[in-house]
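Just below is one structure, and these are the notes that go with it.
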Amino acid sequence: MDVAVKSKKSGAAGTASSVRKVGIIGAGQMGSGIAHVVALAGYAVAMNDLKKEAVEKALGVIRKNMTRQVSRSLITEGDMEAGLQRISFAPSFKELGDCDLVIEAATEEEAIKRKIFVDLCPHLKKDAMVASNTSSISITRLAATTDRPERFIGMHFMNPVPLMQLVELIRGIATEDETFGNAREFVASLGKTIAVSEDFPAFIVNRILLPMINEAVYTLYEGVGTVEAIDKAMKLGANHPMGPLELADFIGLDTCLSVMQVLYEGLADSKYRPCPLLVKYVEAGWLGRKTQRGFYDYRGDKPVPTR
């Protein structure tokens, strides 16, 4: 998907006063997107991932997307080069020790996130803020694994980060007003719009979006319509820019399933039960665009429905 921004074109002068350097854990689709917008906004960025190759790949994606922005006159060549220069590789959590804010953007599995926070916090300076980009998991519960729940907050960026204008901010029960205020200031400095959500499963966007996608999978599972018919119906009948099954492939079917499981377990309501067909696709490793197969097969010149 093409990437563009509507935020300010560059911005060291627009950085949040309490934040100078930002650590990002995870160099996948979300982590690289967050690094992109944070670096363009004038912040030093330290990217951490289990593999250096993942960060190098992320930098290639960031350069490609920034180049597209330059071609559309959204940023200048100088903005791009300065932004790229601000991003460095942090091989371990120790190199995140001088960060004012660390944003976790790892896979949407609570056990993995909890371990990251336990291992991370001993390396951070006392007043550093920690944020999670989780799209569904309890901020209060994640914060409780740290030594600074009062300086912990949910900061859920939308995908693709450079294109999407919204960031959900979620306070845990222990999040202090100062942390919330600093987080608001930081997100605003990126040129993003904030929606504040209470700390309930899946927050606002995914509480509404993922059940719709799950229902689309049920509609397919029950034979009400084909993949093409379902996506066409929602694009032309509800004016959605992307059909729900196409969107599921873009998000990642494993992520969709994880969010539905959080909703189902957290709210104990049968309406959130993940569709068995969604489970089957994930078990097959057909996770959408990132594996080249999901509800569509992306291995050819044109996506072809798989069902």
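The values are calculated or read from the model by the stated rules, or taken from the named source; none is laboratory data. Being a predicted model, the structure only gives us computed values, none of them experimental. A quick note on method: Cβ atoms are made from the backbone with ideal geometry, for glycine too, and the neighbour counts reach across all protein chains shown.
Strands (runs of 3 or more DSSP E) fully within region 83-142 that include at least 3 residues being surrounded by 17 or more Cβ atoms within 10 Å (Cβ to Cβ): 101-104, 129-132. Out of 237, 225, 243, one residue alone is out of contact with any Leu (no Cβ under 9 Å at 6 or more places or on another chain), buried (at least 22 other Cβ atoms within 10 Å of the Cβ) and free of Cβ contacts under 8 Å to residues at least 40 places away in the same chain. It is 243. Screening residue 156 on (1) part of a helix (DSSP H, G or I); (2) over 15 Å from residue 35 (Cβ atoms) shows it passes everything except condition (1).
Taking residues in region 105-118 that are outside the structural domain of residue 133 (by TED's automatic domain parsing), and partners anywhere that are among the aliphatic types (A, V, I, L, M) and not in a helix (DSSP H, G or I), not one pair has Cβ atoms closer than 8 Å while being at least 6 places apart or on different chains. For region 145-155, the criterion of being under 23 Å from residue 266 (Cβ atoms), under 14 Å from the mean Cα position of the chain (by Cα) and in the same structural domain as residue 34 (by TED's automatic domain parsing) is met by at least one residue.
Sort out for me the helices (runs of 4 or more DSSP H) sitting completely within region 160-274 that have 2 or more residues that are within 30 Å of residue 128 (Cα to Cα), in the same structural domain as residue 100 (by TED's automatic domain parsing) and of a type in the set (Phe, Trp, Tyr).
Of the helices (runs of 4 or more DSSP H) lying wholly inside region 160-274, those with at least 2 residues that are within 30 Å of residue 128 (Cα to Cα), in the same structural domain as residue 100 (by TED's automatic domain parsing) and of a type in the set (Phe, Trp, Tyr) span 177-189.
Has region 280-292 got at least one residue that is in the same structural domain as residue 214 (by TED's automatic domain parsing), in a helix (DSSP H, G or I) and aromatic (Phe, Trp, Tyr)? There is at least one residue in region 280-292 that is in the same structural domain as residue 214 (by TED's automatic domain parsing), in a helix (DSSP H, G or I) and aromatic (Phe, Trp, Tyr). When the criteria are applied in full, residue 62 meets the requirement of being at pLDDT 95 or above, at negative phi and touching a His at 6+ places or on another chain (Cβ under 8 Å).
The set of residues in region 21-41 that are at pLDDT 95 or above and surrounded by fewer than 21 Cβ atoms within 10 Å (Cβ to Cβ) contains only 21.
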